[in-house]
Amino acid sequence: MIQKPKGTYDLLPSETQKYRALENHLFKLLENYGYGEIRTPIFEHSNVFHRDSEFSDMVLKETYNFKDKGNRDLTLRPEGTAGVIRSYVEEKLYAKEEITKLYYLGPNFRYERPQKGRYRQFYQFGIEAVGAKSPSLDAEVVNLSYKIITSLGLKQVKIKINTLGDIESRKKYNDTLITYFTPFKEQLCDNCQQRLNNNPMRILDCKIDNKKDFVKKAPKPKDYLTPEAAKYFSDVLRYLNAMDVIYEVDDSLVRGLDYYGHTVFEVEASIKGFGAHNILGGGGHYEKLISEFGGPNLSGVGVAFGMERLMQAIEAEKIQLPAEKQFDFYLLYFDEKTKIAALKILSELRDLGYKGDINHLDKKFSNQLKRALRFNPKYLIIIGEEELNNNTYTVKDVKTEEQVTIDYEQLLKKLGNK
Ligand code: HAM
C-alpha cells in the first residue's frame, strides 16, 4: 500500500466541511475590512525566499528546493508573505493604491520534524496590508487578528505584542546580543552557535536554548529603541487601546523570520492539553521586503494563521462552526420504471438548488432506505407504481415520520424556498 508522505495528511469530507465553514467565516470578515484575495504560485524562483538579507533557519534549512527540467532553481513556498510581495512589486500594485490590502489561503511546505500541530504541508491564512509605514495600519492588522479569535469565540487565546524597533535600534540591539552571548557560546545548541554572529535574535526564539537562564536574562529590544521607534510602538498600543483590543506586551518576543522591524506579534493558545505548538498565528511589520524585490521604499504589515492549529483550538474549546448543509431529500424507488422517474425528479430538484441523492445500485427498497438514512436527509421521497401513475410523490419527514402523498407543486412547497 502506498502511504502519504511523512508530515502530510488527508482531509476527508467530514473535516473539509469544517474547514470550509472556517474559511467562509474568515473570508467574510476580511471582505468587511476591505481586503481582497490574492493567489500566488505554490512554487517560486528560489531567490524569492533565499534573499541576501534573509538567512533565517526556516529559509535556509526547511525549504523544499528542486530544479525543474529547464535547470531552474525553484522552491515550494514555506510561507505566504514573500510571494505576495514579489507579486505586489511585479504587478506594480503600489502604483494603483496607496495601501494594498490582500489576503490569501493555501498550502505551504516546510521540512520540519512532524508533530501534533506541525506538518510538512500545512495551510496558512494570511493578510498583508502593503504600502505604508503607519502605526495605525499595524494596529489594524493586530485588531483583525484579535477579531479573528473573538469572532470565532476562542477564549483561551491571547495576543502578545512587542517591537523590534527601526533599523538603527535593531543594529544596536544585535551588536549588544553578540557581545552578551559570546561568552556563553559553548553552552548554546549547535544551531544557535551558528546564529550567534549573523542572527543573534533567533537565539531568544530557540526552543532548546530559550529555557536556559542566561538566555532568559538576555538584554531586551525595548532597551535599545531609538526615540522614534519607541514613539512608533506607543502609538501602535494607543490605537489598539482605542479599538478595545486586548493584548499583552511581551518584551522577549522576537519572531522567527528576519524581515521584521517595529511591531511583531503572535496569537498564542493556552488551552489545556493543546500541545507544544500553541502559536496559532504570527506577524508583524516589514520595512525592507518591498525594496528587496526591486520595488519602492515602502513598508507593509501582515499576519498568518496556521489553519490546522486554528481548527485544533476551535475543537479544543468545543466551538460549533456552522453545520454542514443537510440533505434536503433522498429518493427511493422500486424498479427500473420508477428509477427513471426518480432520476428525472432528482435532476430537476438539484437544478432548483435542493441537495439530494439517490442510490444508483438498484438495491432492495429496505437496503436503499437503510443507506439513505445514513445521509440524514430531511425528507425521503418515494416513487412507486402508484405515484408514477398518478404523477405524485410520497414524502416522509424523517424526523416526525409524518408521511403524505402530494403532487409536484406541493412537493416544492414542502421542500421550502431555495
Ligand atoms: P510564521 O510564524 O512562520 O509566520 O507562520 C505563521 C503560522 O503558520 C504559525 O503561527 C503557525 O500557526 C503556522 N505554521 C508555521 N509552520 C507550521 C507547520 N510546520 N505546521 C503547521 N503550522 C505551521 C509567517 O509565515 C509569516 N509569513 C507571517 C506574516 C505575514 N508576517 C507578515 N505577514
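Answer with yes or no whether A304 is more than 12 Å from V141 (Cβ to Cβ) and of a type outside the set (D, E). Taking the combined requirement at face value, the residue does not satisfy it. Of everything in the range 76-105 that is polar (S, T, N, Q) and part of a helix (DSSP H, G or I), the residue that is surrounded by the fewest Cβ atoms within 10 Å (Cβ to Cβ) is S87. Each residue in the range 212-227 was checked for being closer than 14 Å to G165 by Cβ and not in a loop (DSSP other than H, G, I, E, B), and 5 pass. Could you grab me the full set of residues in the range 59-80 that are within 15 Å of the ligand (Cβ to nearest atom) and in contact with a helix residue (DSSP H, G or I) (Cβ under 7 Å, 6 or more places away or on another chain)? Hits for the range 59-80 are T75, R77, P78.
Exactly one of these conditions fails for D138: (1) among the acidic types (D, E); (2) within 22 Å of M243 (Cα to Cα); (3) near the ligand (Cβ under 10 Å from one of its atoms). Give me its number. Condition not satisfied by D138: (3). The residues listed here are N108, N143; of these, the one that is surrounded by 15 or more Cβ atoms within 10 Å (Cβ to Cβ) and assigned to a strand (DSSP E or B) is N108.
As for the range 66-75, it holds no residue that is of a type in the set (F, W, Y) and open to solvent by less than 70 Å² (accessible area, probe 1.4 Å). In the range 8-48, the residue that is nearest to F375 (Cα to Cα) out of those that are open to solvent by 50 Å² or more (accessible area, probe 1.4 Å) and among the acidic types (D, E) is E15.
Of all residues in the range 247-265, those that are at negative phi have Cβ atoms under 6 Å from Cβ atoms of residues that are within 11 Å of the ligand (Cβ to nearest atom) and open to solvent by 20 Å² or more (accessible area, probe 1.4 Å), 6 or more apart or on another chain, in V254/D205; G256/D205; V264/R255.
Yes/no matrix, rows are residues, columns are (1) in a loop (DSSP other than H, G, I, E, B); (2) touching a strand residue (DSSP E or B) at 6+ places or on another chain (Cβ under 9 Å); (3) open to solvent by 20 Å² or more (accessible area, probe 1.4 Å); (4) not charged (D, E, K, R):
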| site | (1), (2), (3), (4) |
| --- | --- |
| K158 | no, yes, yes, no |
| I161 | no, yes, no, yes |
| Q194 | no, no, yes, yes |
| N210 | no, no, yes, yes |
| A229 | no, yes, no, yes |
| V236 | no, yes, no, yes |
| D251 | yes, yes, yes, no |
| V254 | yes, yes, no, yes |
| G261 | no, yes, no, yes |
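Answer yes if at least one residue in the range 115-131 is open to solvent by 20 Å² or more (accessible area, probe 1.4 Å) and part of a helix (DSSP H, G or I), and no otherwise. Taking every residue of the range 115-131 in turn, none turns out to be open to solvent by 20 Å² or more (accessible area, probe 1.4 Å) and part of a helix (DSSP H, G or I). Taking the criterion of being in contact with a helix residue (DSSP H, G or I) (Cβ under 6 Å, 6 or more places away or on another chain) and over 20 Å from K288 (Cα atoms), the only residue of the range 253-267 that qualifies is V267. Just one of the numbered conditions (1) near the ligand (Cβ under 10 Å from one of its atoms); (2) out of contact with any helix residue (DSSP H, G or I) (no Cβ under 7 Å at 6 or more places or on another chain) is not true of S270: (1).
The values are calculated or read from the model by the stated rules, or taken from the named source; none is laboratory data. As the structure is a computational prediction, the values presented were derived from the model and not from experiment. Backbone-built Cβ (ideal geometry, glycine too); neighbour counts: all protein chains shown. Surface accessibility is based on the protein's heavy atoms, side chains included, excluding ligands, DNA and RNA. Shrake-Rupley method; radii C 1.70, N 1.55, O 1.52, S 1.80 Å.
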